[in-house]
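Notes follow once the structure below has been shown.
The values are calculated or read from the model by the stated rules, or taken from the named source; none is laboratory data. Model, not experiment: these values are computed from the prediction. Cβ sites come from the backbone with ideal geometry, for glycine too, and all protein chains shown count toward neighbours. Each accessible area value is taken on the protein alone, full model and side chains, heavy atoms only, with ligands, DNA and RNA left out. Shrake-Rupley method; radii C 1.70, N 1.55, O 1.52, S 1.80 Å.
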Amino acid sequence: MQGEPREGRIVVVGASLAGLRAAETLRDEGFVGSLTLIGDEPHPPYDRPPLSKQVLLGRVPADKTGLPRRRDVDAHWKLGVRATSLDPVGKRVLLADGEEVPFDRLLIATGTRARPWPNPAEAAMDGVFTLRTGEDAGRLVERLDAGPERVLVIGAGFTGSEIASACRERGLAVTVAERGPAPLVGALGGTLGALAAKLQRAHGVDLRCGVTVTALEGNGRLTGAQFSDGTRIDADVAVVALGAVRNTGWLAETGLAAGPRGVTCDAGCRAFDMYGIVTDDVFAAGDVARFPHPLFEYQLLSLEHWGNAVAQAEVAAHNMVNPGPRRRPHLTVPAFWSSQFGLNIKSVGVPTFSDQVVIAQGSLKDARLVAVYGYRGRVTAAVSVNQAKSLEYYQRLIETAAPFPPAPGAADQLDSRAPVPSDVPDPKMLSHGPTVALTGHLPDRRLTLVQPAR
């Protein structure tokens, strides 16, 4: 790119929440050049959180969750076509229809997709669903409206739990299979996971923890499932809720630091190449980005949060059209929310970045509380259950690295204030990253090679 950073050609790959907000910010910041948004879905940007809540309950049609526009973005929209590769030297995005889209600066905001059931033949059976897109939600609602005998939800993370909650609210029989010891344990740890398990069972869910689904049964149409403990159930609908896969496959062989955990970037959203050198014309934002956050010891975070997608897209767009000294870091404290089984759950910080947790306000017995998480003696996260008004206070504690456990003073604190282990997954046990080897010894001959998966 030559001349002013507010001129030239900017391409945004990913036309959902992060892509839209980035495009709006680019125009707000005075970008007057050519702006192109590329999305693999044929629809304008829409809101995904309602899909597992209001849409499944039949309160909002699946095709009525469009995102409101903050302004006219004056862009070229290429919807319904997938980006297949990137030429970072020639500065071109290659599309599935054969078109090549040139750019001066690129924003990668391709998000995630639902992790599919690992057996393709079983996944193709009638009655087996995932839930990520508006089409997914529309098909699932149609089947739930037909009144299935039993719904099997595979995975009890937030999406799986919300699906189970909606099914029970519809009066449908539900079995939830979770390989961990409790629902939500991967995100919130053992204490709130135990509360979630108790509430799911109280609402009539056939909750089976510590088991996996070993086979989906049927002959073209789902009839049941087998579990790792030797039991089986009859079911005519199964929803696979095994988490998300980051859409980075199209970036293979491009030299960018992109893999199963996302596109690694700096705090200013500039993508790294595979050598760890930051680029200055390729940026990343939203669910697909993996970035360091100083509040969490610069650990690289990949967040699938609505608020993070908006805030990071705004930072990326700002930095794309401003010179170095005017650029700013992405320092937003992560936050998310969920509604399930009559509970309103909200979180600030990163609960998995913790070694202890304490019930600082309310009580587990009443299912109305604030759980505060700590790591090495400082507050790193807080989760409220039907008590969101207190979260702003705890966000300030997170931002100021306040001591953990927090000082007493909440009038309605009822449970013991003794911290207990947070029982979150050990990040050291994760192994999604590529294995990398170095070649040669002379500085100008050293290369990084990605080793094949073993």
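Remarks
- Strands (runs of 3 or more DSSP E) fully within the range 340-385 counting 3 or more residues that are within 19 Å of Pro408 (Cβ to Cβ) and touching an Asp or Glu at 6+ places or on another chain (Cβ under 9 Å): 356-363, 368-375
- Residues of the range 209-243 that are of a type in the set (A, V, I, L, M, F, W, C), over 15 Å from Phe129 (Cβ atoms) and within 30 Å of the chain's Cα centre (by Cα): Cys209, Val211, Ala215, Phe227.
- Residue match in the range 9-32 (condition: on the phi > 0 side of the Ramachandran plot and in contact with a helix residue (DSSP H, G or I) (Cβ under 8 Å, 6 or more places away or on another chain)): yes
- Leu94 being out of contact with any Phe, Trp or Tyr (no Cβ under 6 Å at 6 or more places or on another chain) and touching a residue at least 40 places away in the same chain (Cβ under 8 Å): no
- Among the conditions (1) at negative phi; (2) modelled with pLDDT of 95 or more; (3) surrounded by 19 or more Cβ atoms within 10 Å (Cβ to Cβ), Gly262 misses just one, which is (1).
- On the stretch given as the range 242-265, residues that are assigned to a helix (DSSP H, G or I) and free of Cβ contacts under 8 Å to residues at least 24 places away in the same chain total 1.
- Counted residues, the range 1-14 - those being buried (at least 16 other Cβ atoms within 10 Å of the Cβ), out of contact with any Phe, Trp or Tyr (no Cβ under 9 Å at 6 or more places or on another chain) and of a type in the set (Gly, Ala, Ser): 1
- Odd one out for Leu391, checked against (1) farther than 26 Å from Leu301 by Cα; (2) under 24 Å from the mean Cα position of the chain (by Cα): (1)
- For the range 17-35, filtering for residues that are of a type in the set (Ser, Thr, Tyr) and part of a helix (DSSP H, G or I) leaves 1.
- Residue that is among the aliphatic types (A, V, I, L, M), free of Cβ contacts under 8 Å to residues at least 60 places away in the same chain and crowded, with 21+ Cβ neighbours inside 10 Å, where the choices are Leu17, Leu51, Leu37, Leu67: Leu37
- Breaking point among (1) under 24 Å from Arg290 (Cβ atoms); (2) open to solvent by less than 50 Å² (accessible area, probe 1.4 Å); (3) free of Cβ contacts under 8 Å to residues at least 60 places away in the same chain, for Thr332: (2)
- Evaluation of Glu217 against (1) assigned to a strand (DSSP E or B); (2) open to solvent by 30 Å² or more (accessible area, probe 1.4 Å); (3) in contact (Cβ under 8 Å) with a residue 40 or more places away in the chain; (4) not β-branched (Val, Ile, Thr) (one fails), failing number: (3)
- Matching residues, the range 129-146, being among the charged types (D, E, K, R), buried (at least 16 other Cβ atoms within 10 Å of the Cβ) and either under 16 Å from the mean Cα position of the chain (by Cα) or farther than 14 Å from Ile163 by Cα (or both): Arg132
- Verdict on Val60 being part of a loop (DSSP other than H, G, I, E, B), at pLDDT below 95 and closer than 30 Å to Ala335 by Cβ: no
- Restricting the range 146-172 to residues that are assigned to a helix (DSSP H, G or I) and hydrophobic (A, V, I, L, M, F, W, C), the residue that is nearest to Val385 (Cα to Cα): Phe158
- Among the residues of the range 371-392, not a single one is under 13 Å from Leu192 (Cβ atoms), surrounded by fewer than 23 Cβ atoms within 10 Å (Cβ to Cβ) and basic (Lys, Arg).
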